């Protein structure tokens, strides 16, 4: 039998889907490492071995990795809007450093790291790929800096034969089980519930189905080339098209009024000023708006060629997400209001 697979961050959107697919594959024991305070909605009822701890607890990490051959690392603080970025750096870089130190001595065959398409460079005149070096740190803010540093740590340790690392550059994910939800998932949820009066004109990004992203992670654990990174994205798509697909699936009229992204950027400056006065965080920041439309199209053919990854049409995942959000709303509604 194949060795035990460990998912760190199994309570999250991607981690829960990786866990579910590993269990469904049925060819290995599955172990998860989660905090005692973490929600387990995404993995409830699964026959997995649960270990408790976090990425700063070296003893818990060492125990969790004992006897494992593959670790899927699905932990990330994706809050680029934080006024104080130190908590984000602590998770994305400091915590990862602790994990890598333990993983280096764990005898793993693969350490599959959840990176971001934000570590890929921008390219004019054609899609960027894994060879496109990062060239927009000055515009990406502390979140992108932390993600680039984290990926570099994994790849540097792999180049030194210290770690069998594979970096997966995952795009915006859509699909069922987005309980939190993610920021882009929250926009779709609002649209399919008729609570979003407008779409953002000019907001285009790479996206992928969550189940396809999880499958890419698992394939990387089986055959990903150590020291390499892989783009995990299906296609470049506008937020307007995403909302139209989701709303059509549930019989809801999609947002018709388009707000130019430049107008959103102007509003973000005002929102950030108010947040500073109130000493609070807000998602409506100039940086957050900038990250919505800074990326260029990407080429994921390396994952297809080397991992045998074949994502389904993105529309299928958007439809699944739309039904998930509307079904959740119905189940949460008080009796007599459904």
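Just so it is clear, none of the values below were taken in a lab; they were calculated from the coordinates. Here the structure is a predicted model, which means the values were calculated and not measured. Please note: Cβ atoms are built from the backbone with ideal geometry, for glycine as well, and neighbour counts cover all protein chains shown.
Observations, loosely collected:
- Between helix 210-223 and the chain: long-axis angle, C-alpha atoms, 0 to 90°, nearest 10: 20 degrees
- Within the chain, DSSP assigns beta bridges of which about 10% are antiparallel (rounded to the nearest 5).
- Working from the Cα coordinates of the chain, the gyration tensor eigenvalues give, after taking √(5λ), semi-axes of 31, 24, 20 Å in decreasing order.
- Rounded tilt (10° steps) of 239-250 against the dominant C-alpha axis of the chain: 90 degrees
- Span from the the stretch 255-327 Cα centroid across to the the stretch 138-153 one, whole angstrom: 18 Å
- Of 23, 232, 112, the residue with the greatest mean-square motion in the GNM of the chain, using alpha carbon springs below 10 Å, is 23.
- Bins of 10 Å from zero: percent of alpha-carbon pairs in the stretch 55-143: 15, 36, 30, 16, 2
- In percent, rounded to a whole number, the relative contact order of the stretch 1-154 is 21, using alpha-carbon pairs under 8 Å and six or more apart.
- Separation in nanometres of the label points that stand 7 Å from Cα toward Cβ, at residue 122 and residue 138: 1.1 nm
- Inverse mean reciprocal Cα-Cα distance (Kirkwood Rh) of the stretch 183-338, Å: 17.6 Å
- The value obtained for the stretch 119-227, namely the Cα convex hull volume divided by the number of residues, is 147 Å³ per residue.
- A simple spin-label model places the labels of residue 310 and residue 37 4.5 nm from each other, with each point 7 Å out along Cα-to-Cβ.
- Put in order of Cβ neighbour count within 10 Å, fewest first, the listed residues 264, 65 become 264, 65.
- Of all DSSP beta bridges in the stretch 176-323, antiparallel share, percent nearest 5: 50 percent
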